[in-house]
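Just so you know, all these numbers are worked out from the coordinates, no wet-lab data involved. Computed from a predicted model, the values in this text were never measured in an experiment. Quick reminder, even Gly has a Cβ in these numbers, built from the backbone with ideal geometry, and neighbours come from all protein chains shown.
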Ligand SMILES: Nc1ncnc2c1ncn2[C@@H]1O[C@H](COP(=O)(O)OP(=O)(O)OP(=O)(O)O)[C@@H](O)[C@H]1O
Ligand SMILES: [Mg+2]
């Protein structure tokens, strides 16, 4: 490896070992934090509420229903955004981890490639290989998946969590293939997603539990001295944990602010939001949006800037190494990047997944996207962001070669997001680089359908831009032909 390649590999934290080790044969070390959940292989996001309140009965109900042994059980936690569905699923997974010796596989249901994500889990957390050939013949994706499920080790019940499902059809084909030792827990904003599921309609917190959460966040003294206002605050926030958390942290950071003053500030924001044209109001409750606005105003310019561009990432765990890449494109120093992320974290605008990555709550991501769309620099931010991610895409072949498979798995959904949503900011060459890297990533894992999808998408976009007969299309065509050659071998 050349010196410059070496530096680039360092930058992404690639392993020092070199050589042509490929992603599908690699055994990757799990991060220590991940491995510590009672010895159970899992990838549960390790964030957690400051204090988890008011859901003891729900935890018991989920467990009772998931105990049924006769067939794959699917249990849906359904309720509005911010009510605490993902948190309840995390708490269940953590508290009942030992019931699932076969592992806990956490999936973001918004992913287009669920099977690919399950393969990642099997490689990274179970340390098993996904077979791509049998008897020297290439296997279809369905066959690969079937074999993967058959070979799934260790034995015993497996919990599969599908977070944030919007359509039952998105995952039914996967669930139908699961052996009976699998249990499926999903979270969804859609009530009665499917008549065959057990459903737990998750409601807002009971008033006394909401107050308990606010007390935990603000401290006993402040609540006691203004008990009635505290109760009004809880009611005004619709007893939604997400809003309570933001307001709680806001007050906690201001030792001399009274709760009555806080209430007043929220009212002012609330009125300002009510004046916005309809399409400027977020889908969330106005009072929760008011809490977002107050937290937003507390941020300095750099933290706001970071908030805006974070909204461009996919709705998935975001590795800090990737954010660093973007801040470098914006010419920030490491200190500026660290100060901005700390400010966002302290205001609960981002949530820690583990030591190296974080997640944005969907409502907060929507709020930040709104801020970006209404900022004067929106176009420039989008273009620089896309440029930074193209630089990341260029690393993928290198990283595959030096063997940092986990990093690749973490960045791939974000690269796909720009290929889906920011395409107008990509030049023809950028698009070729990006789809080339995505295709290679999937080819290495024998996920040929996904590789074909990206090569075809590139061909379509470039044909539209340059015309069907333009020589630039040759690259995509050659890639597609090569793919067919591999498939026929
Ligand atoms: N019972 C609870 N006790 C304390 N905090 C909670 C509780 N439930 C949720 N929270 C906190 O409230 C916030 C929102 O919860 P969560 O992300 O689970 O909402 P959600 O219902 O999954 O929303 P969405 O449908 O938008 O994904 C999180 O920061 C979470 O930590
Ligand atoms: Mg959720």
Checklist entry - Taking the Cα centre of each part, how many Å lie between the stretch 413-446 and the stretch 370-401? => result 12
Item to check | Cα centroid of the stretch 157-226 to Cα centroid of the stretch 124-152, whole Å | outcome: 31
Checklist outcome for this item: If 301, 430, 379 are placed from fewest to most neighbouring beta carbons inside 10 Å, the sequence is 301, 379, 430
Item to check | Packing-based exposure ordering (other Cβ within 10 Å, fewest first) of 163, 194, 221 | outcome: 221, 194, 163
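Can you sort 287, 258 from fewest to most other Cβ atoms within 10 Å of each residue's own Cβ? Show your work: numbers first, answer last.
Working: 287 20, 258 14.
If I rank by nearby Cβ atoms, fewest first, I get 258, 287.
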Item to check | Distance between the stretch 466-487 and the stretch 328-360 - C-alpha centres, whole angstrom | outcome: 40
Checklist outcome for this item: Taking Cα atoms only, helix 241-252 is inclined relative to the longest principal axis of the chain by an angle, in degrees rounded to 10, of 60
Item to check | Mean projected area in nm² (Cα convex hull; one quarter of hull surface) for the stretch 207-279 | outcome: 4.9
Next on the checklist: Compute the helix-to-body angle for 473-488: its Cα long axis versus the longest principal axis of the chain, expressed 0 to 90° and rounded to tens.
Outcome noted: 80
Checklist outcome for this item: Helix 301-310 sits off the longest principal axis of the Cα atoms of the chain, rounded to the nearest 10 on a 0 to 90 degree scale, by 50
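For every helix of n ≥ 4 consecutive DSSP H residues, a contribution of -39,500 (n - 2.57) applies; sum these over the chain, divide by its total residues, and give [θ] at 222 nm rounded to the nearest 500 deg cm²/dmol.
After summing the helix terms and dividing by the residues of the chain, the value is -17500 deg cm²/dmol.
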Checklist entry - For the chain, what relative contact order do you get, as a whole percent, if you take Cα pairs closer than 8 Å and at least 6 residues apart? => result 18
Checklist entry - Rounded, prolate or oblate: which fits the stretch 407-486 when a ≥ b ≥ c are the square roots of the eigenvalues of the alpha-carbon gyration tensor, with rounded for a/c under 1.5 and prolate only if a/b beats b/c? => result oblate
